[in-house]
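A.B. asks: Structure below; questions to follow.
A short reminder: the numbers here are calculations on the coordinates, not readings from a lab. This is a predicted model, so every value here is computed, not measured. Using ideal geometry, Cβ is built from the backbone for each residue, glycine included, and neighbour counts are taken over all protein chains shown.
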Amino acid sequence: MQQVKTHTTGMFYTYLKEKNTYSNETRHCIEKTLENLLRYGTTLNRPGMLLGKIQSGKTRTFIGLSGLAMDNGFDVIIVLTKGTRALARQTLQRLYLEFAGIEDEDVLQIHDIMSMPENLIEYELQQKQMIVVKKETNNLKRLEEVLSIRYPTLAIKTSFENMKKSLTSLGAEIPSFAEVQFETLWALQKRI
């Protein structure tokens, strides 16, 4: 079994731990989840997921996990939401709120995939990226366009293996139609 040591004192996770005063149980969940994702990886048949009851802190935990993942080499975090504008907007607002202090330091960009700028400069592309994507066809097509045509350096920098780990580590439910999209994204990575 591969030994994996996660870096838990990086800027993103430290900021979130201090801001949210995570319980020992939440910190353990976040750190163990990333450790397991790095150690075992994920596949379409064996995704990594965070499960919890309604109002149990899943969003807080996946945001902490995102911060820890960025501190451990994940450059792009793609957050899949259910297919409603309201939920996508709510998720985007929550990310802005949670990372407000970090975003001011020009190390992180947060976008809704449908309004992601078409003219990010190299300086912005060198920052960590969080992209909110609704689980519906137009959003997934736009994600493919962004990663293949508009900003292929993001696709290269991210690697789709890391993107997949990011998606699953965030507790994203991957519907069956998305598996086809993943296959498209895997093929896209090979072209780039």
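A.B. asks: Just to verify a number: FRET efficiency for Glu144 and Lys53, C-beta to C-beta distance, R0 = 22 Å, to 0.05?
C.D. replies: 0.05
A.B. asks: Can you work out the Karplus-derived ³J(HN,Hα) for every residue in segment 60-76? Use 6.51 cos²θ - 1.76 cosθ + 1.60 with θ = phi - 60°, whole Hz, and x for glycine or proline.
C.D. replies: 4, 5, 5, 5, x, 5, 4, x, 5, 4, 5, 5, 10, x, 7, 9, 10
A.B. asks: Something else about it: Please go through the residue pairs Lys58/Lys82; Lys32/Lys58; Lys32/Lys134 and name each one whose alpha carbons sit more than 18 Å apart in this structure.
C.D. replies: Over 18 Å apart, Cα to Cα: Lys32/Lys134.
A.B. asks: Tell me, in nm to one decimal, what length is gained between Gln126 and Met114 on full extension, where the rule is 0.36 nm per residue of separation less the Cα-Cα distance?
C.D. replies: My answer for the length gained is 2.3 nm.
A.B. asks: Hey, another quick one. Past 27 Å, Cα to Cα, is the threshold; run Lys17/Lys141; Lys17/Lys53; Lys53/Lys128 against it and keep the listed order.
C.D. replies: From the list (Lys17/Lys141; Lys17/Lys53; Lys53/Lys128), the Cα-Cα distance tops 27 Å for Lys17/Lys141; Lys53/Lys128.
A.B. asks: Work out the FRET efficiency for Gln93 and Ser23 from their Cβ-Cβ distance, taking R0 = 30 Å, and round it to the nearest 0.05.
C.D. replies: 0.80
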